[in-house]
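The values are calculated or read from the model by the stated rules, or taken from the named source; none is laboratory data. Given the structure is predicted, the values throughout are model-derived calculations rather than measurements. With ideal geometry, Cβ positions are generated from the backbone for all residues, glycine too; neighbour counts draw on all protein chains shown.
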Amino acid sequence: MRQRLLQSTLLAVGVAVALLGLPLLLAFEQLAEQEQLAELEEQSDALLTAIEQVSDPGLPLDQRFAVLREYRTPERRLTVFRRVGPTEYARVWPPGDGGDHPRFDDDLEQAARGDVGRVYRDGTFAVSVPVAIGEEEFLLRVLRDDEELHGQIVRARLSLLVLALVSFGAAGMAALWQGKRFAVPLEHLAVSARRLGEGDFSARAPRSGLPEPDEVAAALDSTADRLAVMLERSRSFSADASHQLRTPLTALRLDLEALEAAGADPALVAAAVSEADRLEATIAELLALAEAPHGEESLDVTELVAQRLDAWRSLARAQGREVVLDAAPVPPVRARGAALGQSLQVLLDNALEYGAGTITVSVAHVAGGVRVCVGDEGPGIPEDREATLFRPTGLLRAPTAGGWGRRTVTAARPVAVNGHAGRGLPLARSLVEAEGGRLILERARPGAVLCLLLPAHLPEPPPAAPA
């Protein structure tokens, strides 16, 4: 923001200097040129008066214009021409070569017509006036170089350059001050928002005295207070839910142990205990997901998938099926283990419930992350169900005395229609997207394949050594 404000301010000053300074400089140069010509014309008028006072038609030409010698200087050169025709003239004074004459004669042509000739060309000012001595007509020409004009123009350009530099410096300092005044409150707001996003609800944005940033800071503080209250309520609910759910699970375990002691089938008891363990782990993960995340978590996907498949292999063997893991070396991912575990559990549950044949779980490295796919050898997902696979579906109530209830959207089991019903897929998708990943349907049929795409956890580069 500071850099953009500085650039825009300097650009505005540059445009102003170009639009105002350059025309002003051009106007000054033209005015200085006209002033030089006017000054030279005044001098020629004074010389003309001096010639008319002392000239005598009977004197030789050199004596007629002798008065001009004291006015002739290296900076101001004087020349007299005799008119020999309507527009023709010949140089008569001073005697000698004409090396001090310019290469143009526009001023002489104007003076020959009875006007005052004024010309500035090739670094020379020339003013010519008609002179009448007796019956003869002469033209007096006054020449001067433009060193003085050149010096004035150089000084004007330097003054404009200094003024432009001062303007740029003042504008740059003002832009930096304004940029700091505007940017610092926004930077403080960004820090407070970042702390709030990391779970620090005690973060408060400082006030700057500017109305707009202070309104945002007040809204951010109010949001932090509301989030803190909501989080506290969520934690209280999670603690109560954990207690209420684990109490009947503990009683269930005691009942299973009593059944085993009473001589019940050990295989059935072991299966029931395994399901109770899985249910308890699921409850723990769901409660963990209710907590606010604390920073970024680096997760080994291959290790987590291998741990989860142990329980699912026993369930698959009970149906005469197999679960195969095809894992390649992959980098760690940036995700919570509870979210990835629950999402993987949803995919395995659907493959085991609605699929057929071998369940293949593959872990592979893709550009920018890791892909975890779960596929089976069943008929796949019906074509009419494919477009709404990740949307909540119509569910059936449990059967009552009067028969199956009407369709309603409740927390019951979804209806399977010739294959995958997509149980829990909306939940899995929301969990994965909350971790910055995606849940996609890679192949619908035959043999549905659903994949989790997770972003890789890139380590921060080491700090640069001090110079």
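If Arg204 satisfies every condition in (1) modelled with pLDDT under 75; (2) touching an Asp or Glu at 6+ places or on another chain (Cβ under 8 Å) but one, which is the exception?
With respect to (1) modelled with pLDDT under 75; (2) touching an Asp or Glu at 6+ places or on another chain (Cβ under 8 Å), Arg204 is out only on (1).
Give the range 132-156 a look and list any residue that's aliphatic (A, V, I, L, M) and loosely packed, with under 15 Cβ neighbours inside 10 Å, or say none.
Residues satisfying the conditions are Ala132, Val154.
So that you can scan it fast, the table gives a plain yes or no per residue for (1) assigned by TED's automatic domain parsing to the domain that holds Ala316; (2) closer than 28 Å to Gln319 by Cα; (3) small (Gly, Ala, Ser); (4) at pLDDT below 75:
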site	(1), (2), (3), (4)
Ala239	no, no, yes, yes
Gln244	no, no, no, yes
Leu252	no, yes, no, no
Glu260	no, yes, no, no
Ala267	no, yes, yes, no
Ser274	no, yes, yes, yes
Arg278	no, yes, no, yes
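Can you give me the number of residues within the range 431-456 that are assigned to a strand (DSSP E or B) and either buried (at least 19 other Cβ atoms within 10 Å of the Cβ) or of a type in the set (A, V, I, L, M) (or both)?
Residues that pass the stated criteria total 10.
Among (1) surrounded by 16 or more Cβ atoms within 10 Å (Cβ to Cβ); (2) modelled with pLDDT under 75, which single condition is Arg235 missing?
Checking Arg235 against (1) surrounded by 16 or more Cβ atoms within 10 Å (Cβ to Cβ); (2) modelled with pLDDT under 75, the one that fails is (1).
Within the range 114-131, is even one residue part of a helix (DSSP H, G or I), out of contact with any Gly (no Cβ under 7 Å at 6 or more places or on another chain) and without any contact (Cβ under 8 Å) to a residue 24 or more places away in the chain?
Looking for residues that are part of a helix (DSSP H, G or I), out of contact with any Gly (no Cβ under 7 Å at 6 or more places or on another chain) and without any contact (Cβ under 8 Å) to a residue 24 or more places away in the chain, one finds none in the range 114-131, hence no.
Checking Arg83 against (1) at pLDDT 80 or above; (2) surrounded by 17 or more Cβ atoms within 10 Å (Cβ to Cβ), which test does it fail?
Here Arg83 meets the rest and fails (1).
Based on this model, can you work out whether Pro392 counts as surrounded by 12 or more Cβ atoms within 10 Å (Cβ to Cβ), at pLDDT below 80 and touching a Lys or Arg at 6+ places or on another chain (Cβ under 6 Å)?
Working: surrounded by 12 or more Cβ atoms within 10 Å (Cβ to Cβ): yes; at pLDDT below 80: yes; touching a Lys or Arg at 6+ places or on another chain (Cβ under 6 Å): no.
Judged against the criteria, Pro392 is not a match.
Give the residues of the range 182-202 that are under 22 Å from Met230 (Cα atoms) and in contact (Cβ under 8 Å) with a residue 40 or more places away in the chain, sorted by residue number.
If the condition is that a residue be under 22 Å from Met230 (Cα atoms) and in contact (Cβ under 8 Å) with a residue 40 or more places away in the chain, then Glu198, Gly199 are the ones that fit.
Residue by residue, here is whether (1) in the same structural domain as Thr282 (by TED's automatic domain parsing); (2) modelled with pLDDT of 85 or more; (3) among the basic types (Lys, Arg) holds:
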| position | (1), (2), (3) |
| --- | --- |
| Gly419 | no, no, no |
| Leu425 | no, yes, no |
| Arg429 | no, yes, yes |
| Val432 | no, yes, no |
| Gly437 | no, yes, no |
| Ala448 | no, yes, no |
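Given Ala190, Ala171, Ala164, Ala126, which one is within 30 Å of Pro211 (Cα to Cα) and surrounded by 14 or more Cβ atoms within 10 Å (Cβ to Cβ)?
Being within 30 Å of Pro211 (Cα to Cα) and surrounded by 14 or more Cβ atoms within 10 Å (Cβ to Cβ) holds for just one of Ala190, Ala171, Ala164, Ala126, which is Ala171.
Just a yes or no: is a residue in the range 283-298 within 48 Å of the chain's Cα centre (by Cα), modelled with pLDDT of 85 or more and of a type outside the set (S, T, N, Q)? If you could, list the steps in order and put the result at the bottom.
Of all residues in the range 283-298, those within 48 Å of the chain's Cα centre (by Cα) come to 283-298.
Subset that is modelled with pLDDT of 85 or more: none.
Checking the range 283-298: not a single residue is within 48 Å of the chain's Cα centre (by Cα), modelled with pLDDT of 85 or more and of a type outside the set (S, T, N, Q).
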